[in-house]
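Just below is one structure, and these are the notes that go with it.
The values are calculated or read from the model by the stated rules, or taken from the named source; none is laboratory data. From a predicted model like this one, the values you see are computed outputs, not experimental measurements. Here the Cβ is made from the backbone with ideal geometry for all residues, glycine too, and neighbour counts use every protein chain on show. Surface areas here come from the heavy atoms of the whole protein model, side chains and all, with no ligands, DNA or RNA. Shrake-Rupley method; radii C 1.70, N 1.55, O 1.52, S 1.80 Å.
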Amino acid sequence: MATNLLLSIAWTHVSTRVRQTLVGMFGVAMGVGFTIMMAGLMQGSQIDFLRQLVDTMPHVTVDDERRSVPIQPADQEYAAVAMSNVANVNRRPGIRYPEAVMASLRSWLPGNVAPSVKTTAIVDHGGGKVGVTLTGIDPRLEVRVSKLATQMIEGQLGDLSKAANGIIIGQALAEKLAVKNGNTVLLAAGEGTQISATVVGIFRSGLKRVDEGQIYSLLGLAQTLTGENAIINQLRIRLNDPLIAQKVATQVEAQTGYKSVSWQEANADLLSTFATRDFIVLTVMGAMLLTSSFATYNIISTITHEKRHDIAIMKSLGMREYAVRRIFIIESMMMGSVGILFGWALGYLLCYAWSQITIFNPLTGATVPLQIYYSPMHYIASGAISILCCAVAAFFPARKATRVHPVEIIRGAS
Amino acid sequence: MSEIALQTVGLVRRVEGIISHTLINGIDLSVEKGEFLAITGPSGSGKSSLLYLLGLLDAPTEGEIIICGQPTSKLSEIERADVRLTKCGFVFQFHFLLPEFTALENVLLPMRAAGLMSARDMHQRAIALLTSLGLGEQAAKRPNQLSGGQRQRVALARALANRPEIIVADEPTGNLDTASTEQVFGILRDIADSGQTVVVVTHDAALAARADRRIHIVDGKIQETTFGGKPKSESAAATGAAIASS
Ligand SMILES: Nc1ncnc2c1ncn2[C@@H]1O[C@H](COP(=O)(O)OP(=O)(O)OP(=O)(O)O)[C@@H](O)[C@H]1O
Ligand SMILES: [Mg+2]
């Protein structure tokens, strides 16, 4: 049946019912607008956080561990002899031949790799003690694998080699211990070693966890603290595309045999929290769009009721039932389409308004403007879902009304 | 022997319910092409019910309706709609025009629904139909801007739009004054004279007497058939030709 005709009938119904049409459009516009706002806020904060995470952390960390504990003599010999009090075989700490490993990784890695020594220490300043992770680095190679150099707010990476036992600490830790650049602190390691070190730089990554619990030194100082001279116990890899980290980690692990952890794996708990949050927010957004299209349901119910005579006429003239039904679905979609356009505008304005607001972000421990993520996907998806909801919302009242036999209406009218 | 436009065989329409009721109780009827048939009968005798069956608005419980040689009892709902669209034009007592549309748009509706002509041809035909029914000036008016007689003529033009073989009208003059009644009836007469088949329900015995044949229905059965009708006048034949050619 001529779509033109259906469109013109639908248009006539809609344009002669300004108030109802506006209510329907308003409903859809609110739903779409708020959905876009929520999506922008949610993804904005998430992407902002992930970006900081990816900027701050190595994309892949290779540790001097194996995924599975080496087979112990007791297990090896179990069937033959029973042994007791056998000491565990501990492989020697450190990555063997790190230079060779790095060279071979560099040959294929879409990124770069740098050596480090990772250990834990307690920073003691005037009685205040905080346990931290200390990473010994090579300042010249470090710039290739981390943004540490750009995160310095006082001092530089190069200053590490200028002072004896120089360290770089995070801003949050500096505040906690009331340490200033140039101060001397005491570093205590597990083996009982105590070294006095000088703060030569302060950085701020934006991640509270890092700013409070991570400090850097030269490789040598870290090695001294571990008590193992000349070992490298960690390789850190930075990739051009952080999203392939998982794949690269698997490859590196297969090649070197050392446990290689991607940033995604290292933050699996956090990412799964995101997934839960995504699920909840998506459900709420879907419900919002559905609810907003209920205004359309009401309006189409009213129109089909008012228009039952017209429906009977059109059917008695020989218009097919589904064609008549489609008129009302088109009406709903007309209201929906205009509503969506307004909703897009509303959504954009709301996002803009939010982006003008600064709040305290507990994840980064800083007051920053709200990060809004603008994506055409938000507009397309909310529009598509909304128009679908409108079509479905109209379908049921339209079907009910157009099913009625014209004779029933005609008899009732005359 | 002339062509049969409309035929019913053993037509029965029953409504089942707490109290079952037989609206049409065995009607056999043949209407020739170009015949003007009037149906009369007391209120509640089943005239409208029969007309709804003839116009394929309703389906019989038993029996068959043959429209232009095509049996209709086995047609699907969509096929029945298509027959209504192209072969039967229905006119109701109450005009039943779409209120938001102009007279012209109302007449265009069945043509647009059928989609068999170009937009230009449809427009020309609608204007010609309205003009031939004396509504050339009213084409752009909405139903609520028209008189009762004018509305009924627009409805008639709409029924004629797709050149149906058969026009069925249920008391088309029931709400009209004498002058309008005369006019609408004259047009129906002309339509029949031009070769289209017309079946009209009326309460008015004088009008019924002017049909080619009149059947009187009581309790859903044909009680009496009367042949007669006025001889065709010259002017009527001329209007009929104008409508047929438009
Ligand atoms: N759906 C129905 N259920 C039960 N009875 C019905 C139904 N539809 C119509 N009737 C009855 O069938 C009979 C015939 O109705 P119909 O409308 O055909 O009469 P009519 O001859 O057109 O009367 P009128 O001259 O008043 O228009 C009436 O008695 C009416 O009450
Ligand atoms: Mg009746």
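For this structure, a couple of remarks:
- Accessible surface buried once B binds A (1.4 Å probe; total of both sides; Å²): 2300 Å²
- Accessible area expressed per residue, chain B, with surrounding protein chains retained (probe 1.4 Å, Å²): 42 Å²
- Degrees between helix A:294-306 axis and first principal axis of chain A (Cα, 0 to 90, nearest 10): 10 degrees
- Probing with 1.4 Å while keeping every protein chain in the model, the per residue accessible area of the stretch A:294-414 equals 48 Å².
- Check: the stretch A:83-261 dipole with +1 on Lys, Arg Cβ and -1 on Asp, Glu Cβ, in debye: 340 debye
- Counting Cβ atoms of other protein chains within 10 Å of each residue's Cβ and taking the mean over peptide A:405-411 gives 5.
- The accessible-area ordering, largest first, of the residues B:117, A:335 stands as B:117, A:335, per a 1.4 angstrom probe.
- Using all pairs of distinct alpha-carbon atoms, the Kirkwood hydrodynamic radius of the stretch A:243-316 works out to 17.4 angstrom.
- Accessible area of residue A:122 in the full protein assembly, 1.4 Å probe (Å², nearest 10): 80 Å²
- Anisotropy class of the stretch A:83-261 from Cα gyration tensor, a/c 1.5 cut: oblate
- Mean separation of Cα contacts under 8 Å (6+ apart) over length of the stretch A:83-261, as relative contact order %: 29 percent
- Computed with a 1.4 Å probe on the full set of protein chains, the accessible area for residue A:297 sits at about 90 Å².
- Estimated dipole of chain A in Debye, rounded to 20 [Cβ of Lys and Arg +1, of Asp and Glu -1, Cα centre]: 1560 debye
- Note: relative contact order over the stretch B:51-165, using C-alpha pairs below 8 Å and six or more positions apart, is 32 percent.
- Among A:399, A:51, A:19: highest mean-square fluctuation, GNM of chain A, C-alpha pairs under 10 Å: A:19
- For the protein assembly as shown: rounded, prolate or oblate by the Cα gyration tensor [a/c cutoff 1.5]: prolate
- Above-threshold pairs, the threshold being 31 Å between Cα atoms, out of A:180/A:259; B:47/B:141; A:315/B:221; B:141/B:221; B:74/B:141: A:180/A:259; B:47/B:141; B:141/B:221; B:74/B:141
- Here is the size of the stretch A:167-307 from its Cα atoms: Rg then Dmax, 26.4, 89 Å.
- Accessible surface ranking that places the most exposed of B:197, B:178, A:184 first, with a 1.4 angstrom probe: B:178, A:184, B:197
- Residue-level accessible surface for residue A:67, protein heavy atoms, 1.4 Å, Å²: 120 Å²
- For residues of A:318-331, the mean tally of beta carbons on other chains within 10 Å: 3
- For the protein assembly as shown, the share of accessible area belonging to carbon and sulfur comes to 57 percent (1.4 Å probe, ligands and nucleic acids excluded).
- Here the 3J(HN,Hα) profile of the stretch A:249-263, calculated from phi with Karplus coefficients 6.51, -1.76 and 1.60 at θ = phi - 60°, is 4, 4, 5, 4, 5, 5, 6, 9, x, 8, 4, 10, 10, 7, 5 Hz, Gly and Pro shown as x.
- Peptide ranges A:318-330, A:235-247 listed from the most packed, as the mean C-beta count within 10 angstrom indicates: A:318-330, A:235-247
- Remark: relative contact order (chain A) = 28 percent; criterion is Cα-Cα distance under 8 angstrom and separation of 6 or more residues.
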